[in-house]
Amino acid sequence: MAKSNTIIPETSPLVSVEQIYQAKVRLKGIADITPMLLNYRLSEQWQCSLFLKREDMQVVRSYKIRGAFNNMATMTPDQLKNGVVCASAGNHAQGVAFACQKMRVHGKIFMPSVTPKQKLGKVKLFGKEFVEVVLTGDTYDDAYDQAMRCAKDEGRGFVHPFNDISTIAGQGTVGVEILDSATGPIDYIFVPVGGGGLAAGIGSYVKQISPHTKIIGVEPAGAPAMYESLKAGKVIRLDKIDSFVDGAAVRQVGENTFRIAQVVLDDLLLVPEGKICSTILQLYNEEGLVVEPAGALTLACLDQYAEQIKGKNVVCVISGGNNDITRTEEIKERALIYEGLKHYFLILFPQRAGALRDFLNNVLGPNDDITHFEYTKKHNRESGPALVGIQMQNRDDYQVLMDRMATHQINFQPLNDSKMLFELLV
């Protein structure tokens, strides 16, 4: 979704440089100034000077502390007297919890019931006795609806994770640090997009200070709320999303972040969740970096800009490192499926002795491995279905397997592309 060179309108929706500098002052001693590090391997791979802005090294392991604290620090005593409330998939909650503890303000935090335990633990750690966590619904939007009701019923100040101008200004301090750290002109900044607060904040600052710098947003393909909104020219609410990239999966972006994104984003890319998983594993294996799914977005998209970034100075914002180790198996599974190395089938086996042995000897390739097998023999039928997962060493081995299936007249149905059946059976 590329667009022409950015032109800032006279009636600009951008957050002012002054507001972002004020946020920077408020955050002194609260949020860390995170490093922006040249990565030699990735620079060589993409033939550019590639810098990682390491917000995963922030005090709460994500940039969210910036917006959360600045938001609360700009509230009036009347807004704070009954405490604050927020909705979050994890990282914003940690920022609000940390701010509550620092400001000694009570906070009620609504989070989706599917929030990883690691993030729940961190919220309680940072907030101590000043926060109460309420799990509700399956997505951020479910938690948001409950939090808004709580704000009204209990008279609490609402700390918006992305749409409030003070939140956006806080996130904009990432942009200040990027340009302050740069020893030369920055050509591209790749920024993850969920609700749009980080992109709006960085974009507001950078486009006013370094207008030639291109801001490229990156969104998970399963939750393209900003992508669809920009395409439609208005904020769109998605009916359904894939919440796997929990730090960047919302059904609806903010009105303020949308208006700013229209001005500051030079392009917005979508990345499949499976590719994000592959990137997470690569970063861990090759760089020793532990990043969450949203934190891997900006590196997972670089193949889409391989030609444009050659010879350029490029910054990728690593937005967070709050990854729950219990998700590792799911991340591996999604990565293998995306890379075409793991496939699931329903196979109708004849109910006779040796049928499975024939399949192993005649159909399965020498480098193929059965990683999943479910089969129940039923004596009153001539054949019975088995759920079979097969992992391969090379993507091309799949077609070889298909050819052998046809040659030996195997009755089967692939499941990887049958979303409903796959989710039901696997």
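The numbers here are math on the coordinates, done by the rules we state, and not lab data. All values derive from a computational prediction rather than experimental measurement. With ideal geometry, Cβ positions are generated from the backbone for all residues, glycine too; neighbour counts draw on all protein chains shown.
If you take every DSSP beta bridge whose two residues both sit in the chain, what share of them, in percent to the nearest 5, is antiparallel?
Working: 23 of 54 bridges.
For the chain, the DSSP antiparallel bridge percentage is about 45.
Given contacts defined as C-alpha pairs under 8 Å and at least six residues apart, what's the relative contact order of segment 1-153, whole-number percent?
Working: 210 pairs, mean separation 26.0, N = 153.
Reported relative contact order: 17 percent.
Using a cut-off of 21 Å between alpha-carbon atoms, which lysines can reach residue 234, once sequence neighbours fewer than 8 places away in the same chain are excluded?
Once the sequence-local lysines are set aside, what remains near residue 234 is 3.
I need the peptides 350-360, 55-65 ranked by packing, meaning the mean over residues of other C-beta atoms within 10 angstrom, with the highest value on top.
Numbers: 350-360: 12.9, 55-65: 25.2.
Put in order of decreasing packing, that is 55-65, 350-360.
If you average the sequence gap of Cα pairs under 8 Å that are 6 or more apart and divide by the length of the chain, what percent do you get for the contact order?
Working: 896 pairs, mean separation 68.5, N = 426.
For the chain, the relative contact order is 16 percent.
Mind checking the angle between helix 64-73 and the chain's longest principal axis? C-alpha axes, 0 to 90 degrees, to the nearest 10.
30 degrees
Could you go through segment 333-345 in sequence order and give the Karplus-derived ³J(HN,Hα) for each residue, using 6.51 cos²θ - 1.76 cosθ + 1.60 with θ = phi - 60°, rounded to whole Hz, and x for Gly and Pro?
Taking θ as phi minus 60°, the curve returns 4, 4, 5, 5, 5, 4, 6, x, 9, 9, 9, 10, 9 Hz for segment 333-345.
In the structure shown, do any of 231/310; 24/312; 108/207; 64/207; 240/419 have a Cα-Cα gap over 24 Å, and if so which?
Numbers: 231/310 28 Å; 24/312 28 Å; 108/207 36 Å; 64/207 21 Å; 240/419 14 Å.
Correct reply: 231/310; 24/312; 108/207.
Under 10 Å, Cα contacts only: if you run a Gaussian network model on the chain, which one of 388, 315, 250 comes out with the highest mean-square fluctuation?
Evaluated over the chain, the most mobile residue of the options is 388.
Of 165, 178, 347, which is the most mobile in a GNM of the chain whose springs link Cα atoms less than 10 angstrom apart?
In the Gaussian network model the winner is 347.
Near the amide H of residue 82, under 5 Å away, which other amide H atoms are found, from residues 5 or more places off or on another chain, if H is placed in the peptide plane?
Amide H neighbours of residue 82: 157.
Just to check I understand the Karplus step: with θ = phi - 60° and J = 6.51 cos²θ - 1.76 cosθ + 1.60, what whole-Hz values come out for segment 108-123, glycine and proline as x?
10, 10, 9, 9, x, 5, 8, 4, x, 4, 4, 6, 4, x, 5, 4
In degrees from 0 to 90, rounded to the nearest 10, what is the angle of the helix 165-181 Cα long axis to the longest principal axis of the chain?
Around 80 degrees separate the two axes.
Name all residues of segment 338-356 having a backbone nitrogen under 19 Å from the label point set 7 Å from the Cα of residue 411 along its Cα→Cβ direction, giving them as ranges.
Once the point is set 7 Å along Cα→Cβ of residue 411, 345-356 turn out to lie under 19 Å by backbone N, inside segment 338-356.
Between residue 17 and residue 403, what's the calculated FRET efficiency when r is the beta-carbon distance and R0 is 51 Å? Round to 0.05.
Numbers: r = 62 Å, r/R0 = 1.22.
Taking R0 as 51 Å, the efficiency between residue 17 and residue 403 is 0.25.
Can you give the Rg to Rh ratio of segment 311-376, both from alpha-carbon atoms, with Rh computed by the Kirkwood formula?
1.22
Hey, fewest Cβ within 10 Å first, where do 307, 374 land in order? Intermediate results must be reported in sequence, preceding the final value.
On the way: 307 7, 374 12.
Ranked by crowding around the Cβ, least crowded first: 307, 374.
Binning every alpha carbon pair distance of the chain at 10 Å from zero, what are the percents per bin?
5, 21, 28, 21, 13, 8, 4, 1
Grab the beta carbon distance between residue 221 and residue 81, set R0 = 41 Å, and tell me the FRET efficiency rounded to 0.05. Kindly include the intermediate steps, with their values, before the conclusion.
Details: r = 43 Å, r/R0 = 1.06.
In this case the efficiency is close to 0.40.
Might you report the magnitude of the Cβ-based charge dipole of segment 64-158 about its Cα centre, with Lys and Arg at +1 and Asp and Glu at -1, to the nearest 20 debye? Intermediate results must be reported in sequence, preceding the final value.
Working: 14 positive and 9 negative charges, 99 e Å.
That gives a dipole near 480 debye.
Taking the alpha-carbon distance from residue 119 and a cut-off under 13 Å, which aspartates and glutamates remain once sequence neighbours fewer than 8 residues away in the same chain are dropped?
246, 292, 324
Points 7 angstrom from Cα along the Cβ direction at residue 212 and residue 287: gap in nanometres?
2.6 nm
Spin-label point model (7 Å from Cα, Cβ direction): what's the residue 231 to residue 259 distance in nm?
2.5 nm
Of 284, 375, 227, which is the most mobile in a GNM of the chain whose springs link Cα atoms less than 10 angstrom apart?
Checking each option, the largest mean-square fluctuation is seen for 375.
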